[in-house]
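The values are calculated or read from the model by the stated rules, or taken from the named source; none is laboratory data. Remember, it's a predicted structure, so these values are computed and weren't measured experimentally. When we count neighbours, we look across all protein chains shown, and the Cβ atoms used for this are built from the backbone with ideal geometry, even at glycine. Heavy atoms of the whole protein, side chains included, go into the accessibility calculation; ligands, DNA and RNA do not. Shrake-Rupley method; radii C 1.70, N 1.55, O 1.52, S 1.80 Å.
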Amino acid sequence: MNISIFGLGYVGCVSLGCLAQNGHNVIGVDVSEDKVGQINSGIATIVENEIDDIIAEQHKLGRVSATHDVKYAVQNSEISIIAVGTPSTDQGHLNLDYIFAVAESIAEALKEKEGFHVIALRSTIMPGTCEKFARIIAEKSGKEYNKHFTVADNPEFLREGTAVKDYYNPPLTLIGSDSEIGIQKLSQLYNELPGELIVTDIKVAEIMKYVNNSYHALKISFANEIGNICSALQIDSHEVMEIFCKDKQLNISPYYFKPGFAYGGSCLPKDLKGLNTLAHDLYIQAPVLESIDKTNEIQKQRAVSLLSKYFGKKIAVLGLSFKAGTDDLRNSPSVELVESLIGRGFDVSIYDQNISIAKLTGKNKEYIQKRIPHLSNLLQDNLEQLIQKSDVIVISNREKQFSDAVKKLSGKVVIDLVRLNVSEIADNNSYIGINW
């Protein structure tokens, strides 16, 4: 394929060389005379393992070149990859001036181009950037989006020092696009790479670089805080984290990575508080650990805020225990939610089969009688009747009977805190997810 790459910095140079090595003809575009001259002399524009040899070899084979001429590059390529810089502003936003300057340049070039042109943004961008990029091109070129051109997001996940290795061994390749032609061409571009090819919504792709790198930063900071606590106790922190990473069921896994309601139960709040107290006693600052509970409290308040506009309506809370399949009410965020609503004068009823059984048989009975007798009186025995007489249904854990009941719902406001089957809920109801 014939490809043009805008921006011959780190990402652009690596992409230029690696795509050429995969057999594509690649034109680099940059405003820097030095960078254009280097590529046209077979010299890489960056210092990075392996890239010098790749650029030199592909230049010799005639697969790479560079130019200042945007029109030439666009006319002689079917895909343009955008890899210009997006530095941070003093306020922490991304400076997208270079991105939108490229959009205007490409728009001018597209005025005279025949055929469909695919533009893929590899730069780190914020959600909504592709939409604005496409709008600029459509306005400046007179071309129609997804008829004459398309704009996709195709984020890169390259690490400095191992960028070539990372390029050829990605854990996944991500394409955010709403164009069948764009998806087809970009998929073909990466068909030699291992790892899953994922096609998704444009905005989902746009936010992934932020999410990935923020999590990487979180992992480093979390490990350092654990290391500082261990060091004060003369414990080998590396052995601790090595053992931590051996748990692939919970610790290093997709488990818990499901946005929804707050955590609760007997273990997580208690042990987190214990570790924070230990750090405090050792005079160790641990702001990451300290912030975990704060974030959890914010999520509880978010649920209250979602329900605040339904004052005067009959509200049914499905699930009172801290998670499905248990009668454990200790630190249950659902208990706190109901208590907050009652304190504000809301009309609330509760259904939780596990709590009803516990109340009758003595399991957790003492806790119910001593800690939440007022909530116990709100428990209803008949799920279907409760739903029928209620205006707002709050789903707070993932019991199967709640999933079955959802399929029969019609004409209700549904506040989903756990993400049941969204399509089935949303079809016949006013549906609100806590953060989706």
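The residue that is nearest to Ser214 (Cα to Cα), among those in the stretch 98-124 that are at pLDDT 95 or above and among the acidic types (Asp, Glu), is Glu104. Tell me, please, whether a residue that is touching a helix residue (DSSP H, G or I) at 6+ places or on another chain (Cβ under 6 Å), assigned to a strand (DSSP E or B), touching a residue at least 24 places away in the same chain (Cβ under 8 Å) and surrounded by 13 or more Cβ atoms within 10 Å (Cβ to Cβ) can be found in the stretch 203-224. The answer is no, given that none of the residues of the stretch 203-224 is touching a helix residue (DSSP H, G or I) at 6+ places or on another chain (Cβ under 6 Å), assigned to a strand (DSSP E or B), touching a residue at least 24 places away in the same chain (Cβ under 8 Å) and surrounded by 13 or more Cβ atoms within 10 Å (Cβ to Cβ). Against the test of being within 30 Å of the chain's Cα centre (by Cα), under 24 Å from Gln184 (Cα atoms) and not aromatic (Phe, Trp, Tyr), the options Val102, Val64, Val74 yield a single qualifying residue, Val102. If I ask for residues that are open to solvent by 40 Å² or more (accessible area, probe 1.4 Å) and among the charged types (D, E, K, R), which ones from the stretch 1-47 would you list? Selection gives Glu33, Asp34, Lys35. Across the stretch 286-331, the qualifying residues are those that are of a type in the set (Val, Ile, Thr) and open to solvent by less than 20 Å² (accessible area, probe 1.4 Å), and the one among them that is nearest to Phe402 (Cα to Cα) is Val317.
Reported count of residues in the stretch 154-176, each being in a strand (DSSP E or B), open to solvent by 10 Å² or more (accessible area, probe 1.4 Å) and touching a residue at least 40 places away in the same chain (Cβ under 8 Å), is 0. So, in the stretch 48-90, of the ones that are at pLDDT below 95, hydroxyl-bearing (Ser, Thr, Tyr) and outside any strand (DSSP E or B), which residue ends up least open to solvent (accessible area, probe 1.4 Å)? Taking the candidates together, the pick is Thr86. Restricting to the stretch 356-387, and then to whatever is surrounded by 14 or more Cβ atoms within 10 Å (Cβ to Cβ) and assigned to a loop (DSSP other than H, G, I, E, B), can you tell me which residue is modelled with the lowest pLDDT? The extreme case among them is Lys363. Contact annotation: residue pairs with Cβ atoms under 6 Å, 6 or more positions apart or on different chains, pairing a residue in the stretch 127-153 that is of a type in the set (Gly, Ala, Ser) with a partner that is in a loop (DSSP other than H, G, I, E, B), are Ser141/Lys111; Ala152/Ser177.
Inside the stretch 19-49, can you point out the residues that are hydrophobic (A, V, I, L, M, F, W, C) and over 12 Å from His59 (Cα atoms)?
Residues of the stretch 19-49 that are hydrophobic (A, V, I, L, M, F, W, C), as a first pass: 19-20, 26-27, 29, 31, 36, 39, 43-44, 46-47.
Selection gives Leu19, Val29, Val31, Val36, Ile46, Val47.
A Cβ distance below 7 Å, combined with a sequence gap of six or more or placement on separate chains, defines the contacts here; from the stretch 57-75, residues that are more than 20 Å from Val102 (Cβ to Cβ) reach residues that are part of a helix (DSSP H, G or I) in the pairs Gln58/Gly17; Gln58/Ala20; Gln58/Gln21; Arg63/Ala20. Within the stretch 115-136, the set of residues being open to solvent by 20 Å² or more (accessible area, probe 1.4 Å), part of a helix (DSSP H, G or I) and touching a helix residue (DSSP H, G or I) at 6+ places or on another chain (Cβ under 8 Å) comprises Glu131, Lys132, Ile136. Quick check on this structure: which one of Ser423, Ser403, Ser334 is open to solvent by 10 Å² or more (accessible area, probe 1.4 Å) and either closer than 30 Å to Asp293 by Cα or modelled with pLDDT of 80 or more (or both)? After ruling out the rest, the residue left standing is Ser403.
Out of Glu112, Glu139, one residue alone is part of a loop (DSSP other than H, G, I, E, B), over 21 Å from the mean Cα position of the chain (by Cα) and farther than 22 Å from Gly12 by Cβ. It is Glu112.
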